[in-house]
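Below is one structure, written out as structure tokens; comments come after it.
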Amino acid sequence: RNIHEVLQMTVEMAREFFDPVPVVARKLQTLVDVGLSYITLGQSATTLSGGEAQRVKLALELSKRDTGRTLYILDEPTTGLHFHDIELLLGVLHRLADHGNTVVVIEHNLDVIKTADWLIDLGPEGGAGGGEIIAPGTPEQ
């Protein structure tokens, strides 16, 4: 294939194409893992949504060697995502935590919030009217 054809491939297609090149295939797999299998290799970064750009950055971090001592802070990473993509992202975030990393997520999606180990609800309002800890604890509390 020529470079034009490669740049037209989705991440998922490229993952299969580059399977014989493990170092490339692993990096592409991290994009699949965070739910970005549909973007094309030649897609301009300026066309990515905020959530997509954040997941590209997360995939870059995930492709690095895991020390189990990294702090990840994500601001509303599920905004605009379909349920399936949210499930993929949650799986990745839980794997990070399971390996000893700390994952802090600022989120309003209750389906995401209920999967947390620990919550800190801030309020009582947004912006200047907020910032006070309203309720710390587990989702069950």
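Every number here is computed from the coordinates shown, using simple stated rules; none is lab data. Values in this document were obtained by computation on a predicted structure and should not be read as measured data. So basically every Cβ, Gly included, is an ideal-geometry build from the backbone, and we count neighbours across all protein chains shown.
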Seminar exercise, completed: With a Förster distance of 30 angstrom and the Cβ-Cβ distance between S63 and H94, calculated FRET efficiency to the nearest 0.05 equals 0.95
Exercise. Could you give me the ³J(HN,Hα) list for the range 32-49, computed from phi with Karplus coefficients 6.51, -1.76, 1.60 and θ = phi - 60°, whole Hz, x at Gly and Pro?
Worked result: 5, 4, 9, x, 10, 5, 8, 6, 9, 5, x, 5, 5, 4, 6, 8, 7, 5
Exercise. Over the chain, what is the percentage of antiparallel beta bridges among all DSSP beta bridges, to the nearest 5?
Worked result: 55
Problem set entry | Three-way shape call for the range 74-129 based on the alpha-carbon gyration tensor, with the a/c threshold at 1.5 | oblate
Exercise. Gain in length, I3 to T102, computed as 0.36 nm per residue apart minus the alpha-carbon separation, to one decimal in nm?
Worked result: 31.8 nm
Problem set entry | Neighbour-count ranking [beta-carbon atoms within 10 angstrom, fewest first] of I120, I73 | I73, I120
Problem set entry | Long-range HN-HN contacts of L74 with modeled amide H, under 5 Å | V104, V105, I106
Exercise. Calculated from the structure, Cα Rg over 2.2 N^0.38 Å equals which of (1) 1.11; (2) 1.21; (3) 1.25?
Worked result: (2)
Problem set entry | For the chain, built as a Gaussian network whose Cα springs stay under 10 Å, the top-fluctuating residue of V112, V11, V23 | V23
